[in-house]
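Student: Before anything else, here's the structure in question.
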Amino acid sequence: MHVFVFANPLGVLLFTDLVFEEGLTQVDAELDVIFVPTDDLIVEAMLKMAAVTAEDVVYDLGCGDGRIVVAAAMERGARAVGVDMDPRRIAEANALAQEVSVEDRVQFIQDDLLTVDFSDASVVTLYLLPSLNVKLKARILTELKPGTRIIAHAFNMGRWQPDAKRAMGGVYLYKWVVPAPVQGTWEWLGADAKVYRVSLEQTFQMLSGTAWIDNVQAELIEAKLLGDRVRLVIQADVRDEPQVFMSSYQEGVLLPAIDSQQVSAGIRLEV
Ligand SMILES: C[S@@+](CC[C@H](N)C(=O)[O-])C[C@H]1O[C@@H](n2cnc3c(N)ncnc32)[C@H](O)[C@@H]1O
């Protein structure tokens with residue numbers, strides 16, 4: 001198969017710039033996006049952006065020749081899984097893993113990335129297309145553990161704004177942290193023996209809402225969510241000291257962090 005490669009107006013090669021001359025195979029026709037490998041420097045930057053460690057389970061959805069999966073295992077000691085529908089890519093990926101002796105920490109699965117189970121991931125890497133990222137979004141938000149990091153090479157996730165973005169070699173890398181589902185009304189006891197209540201509205205990782213102290217409406221100065229970590233700042237009145245509450249969402253409750261002014265677990269009164 002011949003592939004002509006053109007530079008886009010930015011002078012950067014993207015696989016959306018590839019034009020086929022002839023010879024699409026059956027497998028090629030079924031793929032949602034063709035194989036274009038991520039440059040090694042970008043692989044390194046993606047793993048760094050995700051802060052991958054030996055504790056992680058990394059999935060590369062549409063893993064190509066397995067370079068991201070193998071690098072996660074070899075350079076970061078992670079367990080890593082690659083999924084690709086193309087048997088040629090799976091064969092190349094297994095050969096690469098064998099070449100650098102990381103077969104015990106990696107697995108390559110020939111399957112459709114849109115339906116495969118990746119719920120045990122703590123990091124997911126993507127180099128697909130915007131439409132595929134968007135198709136994966138609902139599963140990422142509902143099936144992955146809060147705190148799971150998603151790193152995408154070149155393409156964003158529609159209305160879900162990234163938590164971090166980095167320009168690299170003429171493309172952007174994006175990072176999202178799967179947010180815990182914290183929408184609803186929560187109540188807890190503060191260190192000042194007052195009862196705090198917030199009603200939170202959530203759009204992806206963005207929070208807004210209303211607060212009460214001992215049933216009197218107060219100011220919700222700050223409401224932030226990163227993965228399972230919540231930071232709320234509440235002030236009764238401009239003359240009062242703002243109270244800072246830091247907690248983590250665990251199995252439906254907000255557990256107070258060390259140094260938080262929250263002394264009891266936050267209980268959800270209504271969703
Ligand atoms: C642009 S390449 C990215 C390869 C690799 N992740 C990297 O960054 O080097 C996209 C890969 O997705 C695979 N692919 C396309 N559609 C797929 C699908 N529905 N299920 C699984 N893999 C798919 C292709 O075979 C190709 O290897």
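Student: Among the strands (runs of 3 or more DSSP E) lying completely within the range 200-271, list those that include at least 2 residues that are at pLDDT 95 or above and closer than 23 Å to Arg149 by Cα.
Tutor: Because the criterion is at least 2 residues that are at pLDDT 95 or above and closer than 23 Å to Arg149 by Cα, the strands (runs of 3 or more DSSP E) in the range 200-271 that meet it are 206-213, 216-226, 229-235, 243-250, 253-256.
Student: Check off (1) surrounded by fewer than 20 Cβ atoms within 10 Å (Cβ to Cβ); (2) part of a strand (DSSP E or B) for Ile150 and give me the number that stays unchecked.
Tutor: Among (1) surrounded by fewer than 20 Cβ atoms within 10 Å (Cβ to Cβ); (2) part of a strand (DSSP E or B), the lone unmet condition for Ile150 is (1).
Student: One residue is enough: does the range 100-108 have a residue meeting the conditions in contact (Cβ under 8 Å) with a residue 12 or more places away in the chain, surrounded by fewer than 19 Cβ atoms within 10 Å (Cβ to Cβ) and among the aliphatic types (A, V, I, L, M)?
Tutor: Within the range 100-108, one or more residues are in contact (Cβ under 8 Å) with a residue 12 or more places away in the chain, surrounded by fewer than 19 Cβ atoms within 10 Å (Cβ to Cβ) and among the aliphatic types (A, V, I, L, M).
Student: Got at least one residue in the range 67-78 being crowded, with 18+ Cβ neighbours inside 10 Å and either farther than 19 Å from Arg149 by Cα or touching a Cys at 6+ places or on another chain (Cβ under 6 Å) (or both)?
Tutor: Yes: the range 67-78 contains one or more residues that are crowded, with 18+ Cβ neighbours inside 10 Å and either farther than 19 Å from Arg149 by Cα or touching a Cys at 6+ places or on another chain (Cβ under 6 Å) (or both).
Student: Another one. Look through the range 52-63, keep the residues that are under 15 Å from Tyr127 (Cβ atoms) and touching a Ser or Thr at 6+ places or on another chain (Cβ under 8 Å), and return whichever of them is surrounded by the most Cβ atoms within 10 Å (Cβ to Cβ).
Tutor: By that ranking, first place goes to Asp60.
Student: All but one of (1) within 12 Å of the ligand (Cβ to nearest atom); (2) assigned to a helix (DSSP H, G or I) hold for Asp65; which doesn't?
Tutor: So Asp65 meets the others, but not (2).
Student: For the structure I just gave you, tell me whether Val36 is within 23 Å of Asn133 (Cα to Cα), modelled with pLDDT of 95 or more, part of a loop (DSSP other than H, G, I, E, B) and more than 9 Å from the ligand (Cβ to nearest atom).
Tutor: Answer is no for this residue.
Student: Going residue by residue through the range 47-54, is there one that turns out to be under 16 Å from Ala152 (Cα atoms), within 11 Å of the ligand (Cβ to nearest atom) and not in a loop (DSSP other than H, G, I, E, B)?
Tutor: no
Student: Just one of Glu219, Glu201 is surrounded by fewer than 16 Cβ atoms within 10 Å (Cβ to Cβ) and in contact with a strand residue (DSSP E or B) (Cβ under 7 Å, 6 or more places away or on another chain); which is it? Can you show your working first?
Tutor: Numbers: Glu219 fails: surrounded by fewer than 16 Cβ atoms within 10 Å (Cβ to Cβ).
Step by step, each of Glu219, Glu201 is checked, and only Glu201 is surrounded by fewer than 16 Cβ atoms within 10 Å (Cβ to Cβ) and in contact with a strand residue (DSSP E or B) (Cβ under 7 Å, 6 or more places away or on another chain).
The values are calculated or read from the model by the stated rules, or taken from the named source; none is laboratory data. Here the structure is a predicted model, which means the values were calculated and not measured. In this analysis, Cβ positions are derived from the backbone assuming ideal geometry, glycine residues included, and neighbour counts consider all displayed protein chains.
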